[in-house]
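Asker: Please find one structure pasted underneath; my questions will follow.
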Amino acid sequence: MSEPGACETIRNWQRRPDGITTSGKLTAADVGALAAAGVKHVINLALDDHPEALQDEAALLSKQGIAYTHIPVPFDAPTLGHVQELENALRTSDGPAHIHCIMNYRVTAFLYLIDQKNGIAEPEAHKRMTQIWDPLASDDPRAEPWKVLLTS
């Protein structure tokens, strides 16, 4: 995958050490930037009815030759089943993957669990997650389901 260039303007965009890129919400312009960066598969964890969701995301990505997987994760009800769906999508991905939601919170929390499952020490997995969000240290009541998920 080439250097990100315009991808760095995507909300909370980051490239992980394993080459996977993640971000918050996408815009129509971001789809072209992801294609130019060599992304071959986009996995969306946001709900379609979120006010900031990209309308017709699958069709826009398809026009750029990018595969699309949608795993809708309610922010107030994440499950280990959702994490497993993400793992499966990554395992079957054909080429560089980009995972996003609205703020990159769902993504980084799920990758925290996946990283640990794949042998990344908890302090390193935690550091990767907290570059975007730390639900484990948050006092926001909306983080409570995430604390439960991450500590179960």
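The values are calculated or read from the model by the stated rules, or taken from the named source; none is laboratory data. Treat the numbers as computed from the prediction; the structure is a model and nothing was measured. Neighbour counts run over all protein chains shown; Cβ positions are idealised from the backbone, glycine included. The protein model used for the area step is the full one, side chains on, heavy atoms only, and it has no ligands, DNA or RNA in it. Shrake-Rupley method; radii C 1.70, N 1.55, O 1.52, S 1.80 Å.
To keep it simple, each residue is scored yes or no on (1) of a type in the set (S, T, N, Q); (2) open to solvent by 20 Å² or more (accessible area, probe 1.4 Å); (3) farther than 24 Å from L149 by Cβ.
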| residue | (1), (2), (3) |
| --- | --- |
| I20 | no, yes, no |
| G24 | no, no, no |
| A35 | no, yes, yes |
| L45 | no, no, no |
| E52 | no, yes, no |
| A59 | no, yes, yes |
| G65 | no, yes, yes |
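Asker: Also: Could you run through the stretch 77-130 and say how many residues are under 25 Å from P141 (Cβ atoms) and of a type in the set (A, V, I, L, M, F, W, C)?
Answerer: 14
Asker: A follow-up question, please. Pick out the one residue from P17, P74, P4 that is at pLDDT 95 or above and under 23 Å from R128 (Cα atoms).
Answerer: Of P17, P74, P4, the one residue that is at pLDDT 95 or above and under 23 Å from R128 (Cα atoms) is P74.
Asker: Among the residues of the stretch 114-142 satisfying the criterion of being under 21 Å from R11 (Cβ atoms) and open to solvent by less than 50 Å² (accessible area, probe 1.4 Å), which is farthest from the chain's Cα centre (by Cα)?
Answerer: Among them, the one singled out is S138.
Asker: Run E87 past the list (1) surrounded by 14 or more Cβ atoms within 10 Å (Cβ to Cβ); (2) at pLDDT below 95 and report the number of the one that doesn't hold.
Answerer: Result: E87 passes all but (2).
Asker: Residue by residue through the stretch 65-97, note down the ones that are in contact with a strand residue (DSSP E or B) (Cβ under 7 Å, 6 or more places away or on another chain) and of a type outside the set (G, A, S).
Answerer: Here is the first cut: in the stretch 65-97, the ones in contact with a strand residue (DSSP E or B) (Cβ under 7 Å, 6 or more places away or on another chain) are 66-71, 86, 89-90, 93-95, 97.
Within the stretch 65-97, I66, Y68, T69, H70, I71, L86, L90, D94 meet the criteria.
Asker: Something else now. What's the number of the only condition in (1) of a type in the set (V, I, T); (2) more than 15 Å from I99 (Cα to Cα); (3) touching a residue at least 40 places away in the same chain (Cβ under 8 Å) that V42 fails to meet?
Answerer: V42 satisfies all of (1) of a type in the set (V, I, T); (2) more than 15 Å from I99 (Cα to Cα); (3) touching a residue at least 40 places away in the same chain (Cβ under 8 Å) except (2).
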